[in-house]
Amino acid sequence: MAPETLYALGGAFLFVIGLCVMVAIPHLLRKILAFNVMAGGIFLILVGLREAGEFPDPVPQALVLTGIVVAFASTALAVLLLRRWFHVSGRATLEPEHAYAHHYRYGPGDKKPEPERDADSGSDA
Amino acid sequence: MHPGLALDGLVVMALVASASAALLSRDLFRGVVFFIAFGLLMAIAWVRLESPDLALAEAAISAGLTGALLLDAVGQLRDPNQPDERVWPWVEGGLSLCLLAMLCWAILGRPELDPGLTQALARAMETSGVSHEVTAVLLNFRSYDTFLEISVLVGTAFIGLALQPLRSESRLLQQISNPLLDVLIAWLGPVMVMVSVYLLWAGTSQPGGAFQAGALLAAAGVLLHLSGVTLPFLKPGLGLRLCLISGYVVFLLAAVSGPFIGLPLFTYAPGTAGPTIIIIEVFLSLSIAITLLSLFTAAPPTGMERNHGA
């Protein structure tokens, strides 16, 4: 098997792992990590699918270079949105509150829920 | 058996392992560190695939800038009582395995590839103005794609700046009074700027170019920012806006200069392709550097987070 095909197969693995995690795990930063892994997998497939031993084709390389930069810009914007969301809501997921209610931290004016088992979690008011 | 196949197999296995560790480890910080390792392994993979431009860009942007960005975010998003996410996704896992099987079947069973555009490209290289093929493709033959890319970057920069909180002073990071860090910045800062200018110039005949140069400049800016040095040119104002759009405007001017002399759009005048590409690349790398840097620094500053963990 040519080495390029090996990288293309590795790219397929990365894409599928990233897709699975992106769909399954609700934490937003993990979704952003998964998006980057998926992008890396696709780039490997793009450049890896070429004739064995031939001169490397510059056109997919140019496309992937563009893709790397745009992927970083998208990641930066996504992280910015995530941090604004965290600043506004206090959560790092888009799941509704009651799913993680026992871990939700409250500000000074909110009504606290029933006391939790571990006493140090709600201590910073 | 290809001589380098064992090394390539190791690199691919390390890629898959580090990606899985990055995505599936419990501690978010550890996941991000593995992601940085994943970026560096990707750079090695690009070297093995004979794409040095991609290796440079991947190391600078994906491992360096994205890693720094995610580490910064993890520090702010830390939630010690993170809920346990050990629900094993059977449905998604099963569907992903089917997708993986289909992809592998497609990759392994592909028909004979035609040579693509390599021969047409080799014939057209004399008229391109540069001697490095990837630069020629990026800034001459497929300059439309690069133009769209810089438009996307400008768009994200403005969205990022619009999302900045109203307290518009730059982040007052605590001054880390570490003499080693001061010396490191004093030495590394100018070296990074010099290397970035070299990469920009060398991109015409060797691997390099505007993107790598811009990313390296942005990395220098990020280093200064994270060490507590205030960067006055990042305050929202006319200077910042001019720098952000300069790459886009110069590229647009070069693109529409064709129709003024009877050539199609995005066609440079014959004989001027070389200087035009250099000028475009200079403003492009400046724009990219300022864009990536301001996307990095536009996040809400420390202390304004509602649930700071410490």
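Derivation of every value follows stated rules applied to the coordinates shown; laboratory data play no part. Keep in mind it's a predicted model, so treat the numbers as computed, not measured. FYI the Cβ positions are ideal-geometry reconstructions off the backbone, even for glycines, and counts take in every protein chain you see.
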**Q.** Cα-based Rg of region B:1-58 normalised by 2.2 N^0.38 Å, two decimals
**A.** 1.22
Q: With only alpha-carbon atoms counted, please give the Rg and Dmax of region B:259-301, in Å.
A: 16.2, 52
Q | Å³ per residue enclosed by the Cα convex hull of region A:1-47 | A | 43
Q: On each of the three principal axes of the Cα atoms of region A:20-82, give max minus min coordinate, whole Å, ordered largest first.
A: 43, 22, 10
Q. In Å, what is the Rg of the alpha-carbon atoms in chain B, and how long is Dmax?
A. 22.4, 66
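With 19 Å as the cut-off, how large is the P(r) tail for region B:197-293, expressed as percent of Cα-Cα pairs?
Every Cα pair in region B:197-293 considered, those over 19 Å come to 49 percent.
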(Q) Quick check on the exposure proxy: order B:ILE150, B:ILE36, B:ILE279, B:ILE261 from fewest to most C-beta atoms within 10 angstrom. (A) B:ILE261, B:ILE279, B:ILE36, B:ILE150
